[in-house]
Amino acid sequence: MDTDKEKYPLLQGVNSPSDIKDFDLDSLKQLCEEIRLYMIDCCSRNPGHLASSLGAVELITGLHYVFDTPADKIVFDVGHQAYAHKILTGRREAFATMRTAGGISGFPRMAESPYDAFGAGHSSTSVSAAFGLAEAARLSGSHDKVVALIGDGALTGGLALEALNNSGASGDDLLIILNDNNQSIDGNLGALHNHLLRLTAGKAYNKVKDSVWHRLGESKLRRRIQRWMRSFKSWLVRPTGGDFFESLGIRYFGPIDGNDMEAVVQALTRMRTLKGPRVLHCYTKKGKGYAPAEADPTVWHAPGKFNPETGERIKTPAKASKYQEVFGQTLIDLAEKEPHIVGITPAMASGCGMTAFAARFPERFFDVGIEEEHAVTFSAGLAAGGMIPFCNIYSSFSQRAYDQIIHDVALQGLHVVLCFDRAGLVGEDGATHHGIFDLSAYRSIPGTTIVAPRNERELRNAMYSATLAANGPYIIRYPRGEGEGTPWKGEAFEELECGKAEKLRDGSRYAILSLGTCASAALEAASRFEKEGHGSPAVWDVRFLKPLDQNMIRLIAKDFKAVITVEDGCLKGGLYGAVCEELSGMDEKPLVMGLGIPDRFIGSGSRKEQEAECGIDSYGIFETLCKVEKNF
């Protein structure tokens with residue numbers, strides 16, 4: 001969309017950060033308001049992550065105003081804060097295409113712009129990456145500045161803490177901006193803290209300090225004065241957590257109001273002249289500038305389409321229950337009967353459907369923050385203590401806990417139920433969020449069970465079966481959004497026989513083996529194939545990738561000429577690989593063709609578009625059946 005010149009008089013003339021260098025303070029404030037308005041306008045029609053980016057507008061505008069990007073590097077954490085960054089760096093018009101097929105990414109992406117110094121889709125990576133860039137600048141003799149912008153809870157992640165520890169000891173020139181977007185600014189933001197910031201970040205203070213340190217050398221007096229100053233400063237900033245950073249060798253400044261353009265510019269201007277690792281603590285308001293988002297930042301984190309004038313969210317009537325609802329209610333139903341069941345989530349309680357469980361069983365619910373590794377090992381500890389933990393992690397985020405799943409759960413044979421939400425293709429969030437690597441990643445782990453239910457009732461029964469399972473990781477994977485419309489509420493639980501597939505359709509010559517929610521597309525393709533006079537393919541719901549149904553494999557090898565595997569995971573190493581491995585040792589080997597995610601990253605778009613691109617929709621399966629028939 002073309003930027004309205006009357007609606008956005010300043011923004012329509014900004015095509016790169018160089019265009020704002022001569023702005024005065026009033027112009028910068030107006031620009032921020034126009035960016036917010038434009039962001040709200042675009043996201044109301046083309047949904048995205050809104051509240052976090054609304055709160056970071058002044059910080060990002062100030063960074064591009066004070067620093068010389070792209071020579072100076074800005075590294076974002078939790079990339080959905082970066083919308084203002086995209087708008088200011090030559091992607092204003094393209095912003096309207098964000099998260100669509102052929103459009104720009106919803107996150108920083110190095111291949112997209114030289115201003116995107118490092119890609120970000122998951123959290124807690126910014127300090128590590130920025131530290132690496134700072135080291136590279138030092139080694140190459142560059143004077144370019146490096147800034148890490150971290151927030152939205154990312155500082156709780158272990159990777160961020162590891163990077164703080166390492167960078168603090170290095171002495172490298174690195175500025176870390178802590179975007180602390182709590183929903184209110186506490187009393188620590190006052191005259192004393194502002195005075196401390198002006199004093200400790202001022203040129204005069206630092207010139208005198210450096211001169212004194214130089215003259216004193218490494219004397220006992222210098223070390224004594226440094227200890228006294230750290231103690232005094234720690235006493236002043238202790239309520240804000242400044243002593244934590246200081247203890248790591250990182251100078252702490254702030255807090256400041258990160259939504260006050262004047263305070264931001266003044267602080268960043270001072271920060272730019274300093275050297276060494278340093279933190280600027282900024283309080284911001286998540287959803288800033290848009291009343292509905294300020295009132296409920298959780299809902300407006302990713303609100304979907306909405307009326308920008310009224311704030312009314314535009315919802316499509318649901319045709320079926322969401323898998324997240326099924327998971328949440330089933331967990332409650334199971335916990336009512338089994339007192340040892342507990343629920344764990346790494347900061348995704350509302351997204352995964354666990355809020356109702358948290359309200360019903362607050363003492364048995366644990367939100368550990370953005371800490372997937374800890375979530376898994378914590379669950380292992382709970383299991384070692386006799387509990388039955390249901391640890392719910394988005395599939396793409398589970399990759400972070402791969403080591404913990406192997407060493408802390410599988411190797412010790414502990415009974416941990418790992419529920420991988422958002423498995424398969426996820427739509428608009430694109431490559432950073434697709435849950436497509438889990439099948440091939442975890443299939444090789446000894447003692448692991450992997451089940452992919454095809455509908456709501458199967459998910460419910462898989463969760464019940466998991467409580468009865470033997471020790472070891474029990475992985476249940478399911479997609480985002482609505483199910484098939486299969487009745488599930490109040491249904492009696494049925495145990496799924498471990499490693500037992502279900503035949504959904506009789507047939508001959510050709511067989512389709514589907515895993516998870518691909519079953520409906522497989523059935524539709526088989527029905528069309530028969531109606532058009534090509535024959536009648538059989539269809540199995542594999543259910544369990546591990547252990548794989550050996551009886552099904554033997555039957556296919558004996559009675560069928562060709563088999564097509566269909567999965568919403570990586571083609572390499574998943575169901576296709578497992579079937580080929582099993583058939584390789586048999587005398588009779590039918591032709592095997594695999595449909596799944598190809599060996600490349602899949603970009604943004606709707607799930608239907610992505611499934612069609614990968615050939616795992618009903619049309620793609622039908623076309624593959626037709627190709628198979630030509631071989632016989």
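The values are calculated or read from the model by the stated rules, or taken from the named source; none is laboratory data. All figures in this text were calculated on a predicted structure; none of them were measured in a lab. Here Cβ is always computed from backbone atoms with ideal geometry, including for glycine, and neighbour counts include all displayed protein chains.
Kindly evaluate R138 against the criterion of being at pLDDT 80 or above and of a type in the set (K, R). Judged against the criteria, R138 is a match. Filtered by the rule that a residue be within 30 Å of the chain's Cα centre (by Cα) and either of a type in the set (A, V, I, L, M, F, W, C) or surrounded by fewer than 23 Cβ atoms within 10 Å (Cβ to Cβ) (or both), segment 252-270 gives F253, I256, D257, N259, D260, M261, V264, L268.
Taking residues in segment 492-519 that are in contact (Cβ under 8 Å) with a residue 60 or more places away in the chain and over 21 Å from S465 (Cα atoms), and partners anywhere that are charged (D, E, K, R) and surrounded by 21 or more Cβ atoms within 10 Å (Cβ to Cβ), the pairs with Cβ atoms closer than 8 Å and at least 6 places apart or on different chains are C518/R454; C518/E567; C518/D568.
Residue-by-condition table, conditions (1) assigned to a helix (DSSP H, G or I); (2) of a type in the set (F, W, Y); (3) more than 25 Å from the chain's Cα centre (by Cα):
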{"residue": "E428", "(1), (2), (3)": "no, no, no"}
{"residue": "T467", "(1), (2), (3)": "yes, no, yes"}
{"residue": "G490", "(1), (2), (3)": "no, no, yes"}
{"residue": "F493", "(1), (2), (3)": "no, yes, yes"}
{"residue": "C498", "(1), (2), (3)": "no, no, yes"}
{"residue": "L504", "(1), (2), (3)": "no, no, yes"}
{"residue": "G507", "(1), (2), (3)": "no, no, yes"}
{"residue": "S520", "(1), (2), (3)": "yes, no, yes"}
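There is no residue in segment 320-333 that is among the small types (G, A, S), over 30 Å from Y464 (Cβ atoms) and not assigned by TED's automatic domain parsing to the domain that holds Q81.
Residue-wise test of (1) in a helix (DSSP H, G or I); (2) at positive phi; (3) touching a His at 6+ places or on another chain (Cβ under 8 Å).
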site	(1), (2), (3)
E588	no, no, no
V592	no, no, no
L595	no, no, no
G605	no, yes, no
K608	yes, no, no
G620	yes, no, no
T624	yes, no, no
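On inspection, D506 passes the criterion of being of a type in the set (D, E) and out of contact with any helix residue (DSSP H, G or I) (no Cβ under 9 Å at 6 or more places or on another chain).
For segment 115-159, the tally of residues that are hydroxyl-bearing (S, T, Y), assigned to a loop (DSSP other than H, G, I, E, B) and within 21 Å of the chain's Cα centre (by Cα) stands at 3.
Among the conditions (1) of a type in the set (V, I, T); (2) crowded, with 24+ Cβ neighbours inside 10 Å; (3) over 24 Å from the mean Cα position of the chain (by Cα), I60 misses just one, which is (3).
Applying the criterion of at least 3 residues that are surrounded by fewer than 21 Cβ atoms within 10 Å (Cβ to Cβ) and not hydrophobic (A, V, I, L, M, F, W, C) to the helices (runs of 4 or more DSSP H) found wholly in segment 311-360 leaves 323-337. Checked against the criterion of being surrounded by 14 or more Cβ atoms within 10 Å (Cβ to Cβ) and either over 25 Å from I436 (Cβ atoms) or touching a helix residue (DSSP H, G or I) at 6+ places or on another chain (Cβ under 6 Å) (or both), the candidates G569, G533, G585 yield just one match: G569.
Pairs linking a residue in segment 329-353 that is within 30 Å of G151 (Cα to Cα) to a residue that is of a type in the set (V, I, T) and part of a helix (DSSP H, G or I), with Cβ atoms under 6 Å and 6 or more positions apart or on different chains, are A349/T355.
Here's the yes/no breakdown for (1) under 21 Å from L382 (Cβ atoms); (2) buried (at least 24 other Cβ atoms within 10 Å of the Cβ); (3) in contact with a Ser or Thr (Cβ under 6 Å, 6 or more places away or on another chain):
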position	(1), (2), (3)
G435	no, yes, yes
R443	no, no, no
A452	no, yes, no
Y464	yes, no, no
L468	yes, no, no
N471	yes, no, no
Y474	yes, yes, yes
E491	no, no, no
